[in-house]
Amino acid sequence: MTDYYADPDASGADDGSSWTDAYPSIQTGIDALGAGDTLYCRGTFQEGAKVDFDNTSGTPASPLRIIGCNASGSVDGTLSVIDANSGVYSAAEIPIASDYIIENISFTGAGTSNSGFKCTGYNAYRIVFNNCSFSNNASHGAFFESKLLDSTIFRCRANNNGAYGFREPGTDCAIVACKAIGNGSKGFSNPKS
């Protein structure tokens with residue numbers, strides 16, 4: 001179980017071993033994770049392409065953790081941002097994966113009918129979103145396409161998206177203490193049980 005770091009303003013060795021030597025790309029940090037590892041990230045990431053959460057999976061006993069931090073590197077609820085910068089892609093996608101904890105992350109800026117966070121392809125299992133934001137996207141804030149299964153969305157917000165805030169969570173998903181305000185369509189759609 002290893003801790004890695006990502007900061008778009010880092011200028012050290014780019015090996016993810018500390019804040020000084022953090023990965024400047026959050027995608028590089030996610031790609032480095034193995035079961036039980038944690039990626040701490042801070043700042044705003046504009047990757048120039050969607051961020052993929054599909055290169056590896058955790059296990060139920062050893063999930064992958066991606067946790068946003070404040071400018072000093074402490075975990076206090078401050079959000080780190082994945083900004084698609086109005087690109088023609090989603091800010092982040094998870095085609096097939098399991099056992100992630102994603103905490104204190106904002107998914108924003110998806111342009112041209114894309115969503116802040118999107119499940120694509122096959123099913124994603126046991127994903128936990130805690131204190132995340134899905135805002136200011138051209139389409140949905142979070143579009144799960146009924147493929148997010150046995151997962152929890154806790155204390156998250158979806159604001160000012162062009163369509164739904166949270167759309168189509170899959171079977172056995174819990175949406176707890178979440179808010180959806182100012183979206184083009186409803187805040188929540190098609191909950192599955």
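The values are calculated or read from the model by the stated rules, or taken from the named source; none is laboratory data. Predicted model, so just to flag it, every value in this text is computed and none were measured. Methodologically, a virtual Cβ is constructed for each residue, glycine included, from the backbone with ideal geometry; neighbour enumeration extends over all protein chains shown. For accessibility, only protein heavy atoms count, side chains too; no ligands or nucleic acids. Shrake-Rupley method; radii C 1.70, N 1.55, O 1.52, S 1.80 Å.
Quick look at the values:
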quantity	calculated
Pairs of Cα atoms farther than 21 Å apart, segment 86-193, %	21 percent
³J(HN,Hα) computed for each position of segment 17-22 - Karplus, 6.51 cos²θ - 1.76 cosθ + 1.60, integer Hz, glycine/proline x	7, 7, 4, 4, 9, 4
Gyration tensor over alpha-carbon atoms, the chain, equivalent ellipsoid semi-axes in Å	25, 18, 14
Whole-Hz couplings from phi, Karplus 6.51/-1.76/1.60, listed for segment 170-177; x for Gly and Pro	x, 5, 6, 9, 10, 10, 10, 6
Accessible area expressed per residue, segment 31-176, with surrounding protein chains retained (probe 1.4 Å, Å²)	35 Å²
Accessible surface of the chain, 1.4 Å probe, proportion on carbon and sulfur as whole %	45 percent
Residue-span extension gain [residue 74 to residue 19] - 0.36 nm each, minus C-alpha spacing	18.7 nm
Accessible-area order (highest first, 1.4 angstrom probe) of the listed residues 99, 21, 76, 3	76, 3, 21, 99
Within straight-line cross-link reach of residue 50, aspartates and glutamates at Cα separation under 18 Å, skipping those fewer than 8 residues along the same chain	7, 31, 83, 93, 145
Phi-based couplings in Hz for segment 85-94 (Karplus 6.51, -1.76, 1.60; Gly and Pro marked x)	6, 6, x, 8, 7, 6, 4, 8, 9, 10
Cross-link partners of residue 179 among aspartates and glutamates (Cα-Cα below 17 Å; sequence separation of 8 or more within a chain)	103, 168
Between segment 10-56 and segment 73-117, the alpha-carbon center distance in angstrom	13 Å
Around residue 98: net Lys/Arg minus Asp/Glu count, Cβ-Cβ under 11 Å	-2
Helix-only mean residue ellipticity at 222 nm for the chain, each DSSP H run of n ≥ 4 adding -39500 (n - 2.57), per residue, nearest 500	-1000 deg cm²/dmol
